[in-house]
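The values are calculated or read from the model by the stated rules, or taken from the named source; none is laboratory data. Because the structure is a prediction, the values reported are computed rather than measured. Here Cβ is always computed from backbone atoms with ideal geometry, including for glycine, and neighbour counts include all displayed protein chains.
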Amino acid sequence: MDILIKPIVTEKMTAQGEDLNRYGFVVDKRANKIQIKKAVEEMYGVSVESVNTMIYPGKNKSRYTRSGTISGKSKSIKKAVVTLAQGDTIDFYSNI
């Protein structure tokens, strides 16, 4: 099971990373906080203080086209906000 799917790189999460030492990830829905903590520590070589998780349910979407209405649903995702120990940082832009 791949636990970390992708990092969340938005203005809000970048500001939290700079100010509060928090970083966001989209994670597998079946992963728990202990597994997320181990995965972040192994992948980035940092020490994690706390992990907060939240599940965003999928939303119903519809759009109007020439041939009629197309309706569907967006995927539900699980996010994790990881707080690192003082002095540790994660640089998502180092490989660019």
Check your understanding: Identify, please: which residue in segment 43-67 is loosely packed, with under 11 Cβ neighbours inside 10 Å and among the charged types (D, E, K, R) and is, among those, nearest to I5 (Cα to Cα)?
Key -> K59
Review point. Under 6 Å by Cβ, and 6 or more places apart or on different chains, what pairs join a residue from segment 77-96 that is at pLDDT 95 or above with one that is basic (K, R) and loosely packed, with under 15 Cβ neighbours inside 10 Å?
Key: K78/K29
**Study point:** Flag for V40 being part of a loop (DSSP other than H, G, I, E, B), under 22 Å from the mean Cα position of the chain (by Cα) and in contact (Cβ under 8 Å) with a residue 40 or more places away in the chain
**Key:** no
**Study point:** Of residues in segment 1-23 being aliphatic (A, V, I, L, M), part of a loop (DSSP other than H, G, I, E, B) and within 12 Å of the chain's Cα centre (by Cα), the one surrounded by the most Cβ atoms within 10 Å (Cβ to Cβ)
**Key:** I3
Review point. Can you name every residue in segment 43-64 that is without any contact (Cβ under 8 Å) to a residue 24 or more places away in the chain and either closer than 13 Å to L84 by Cα or assigned to a strand (DSSP E or B) (or both)?
Key: G45, Y56, N60, K61, S62, R63, Y64
Check your understanding: Can you tell me which residues in segment 65-87 are part of a strand (DSSP E or B), of a type outside the set (S, T, N, Q) and on the phi < 0 side of the Ramachandran plot?
Key -> I70, G72, K73, I77, K78, K79, A80, V81, V82, L84
Study note, to complete from the structure: A careful count of residues in segment 68-91 that are under 19 Å from D28 (Cβ atoms), surrounded by 10 or more Cβ atoms within 10 Å (Cβ to Cβ) and not β-branched (V, I, T) gives 5
Study note, to complete from the structure: Per the filter on segment 24-42, residues of a type in the set (A, V, I, L, M, F, W, C) and surrounded by 10 or more Cβ atoms within 10 Å (Cβ to Cβ) are F25, V26, V27, A31, I36, A39, V40
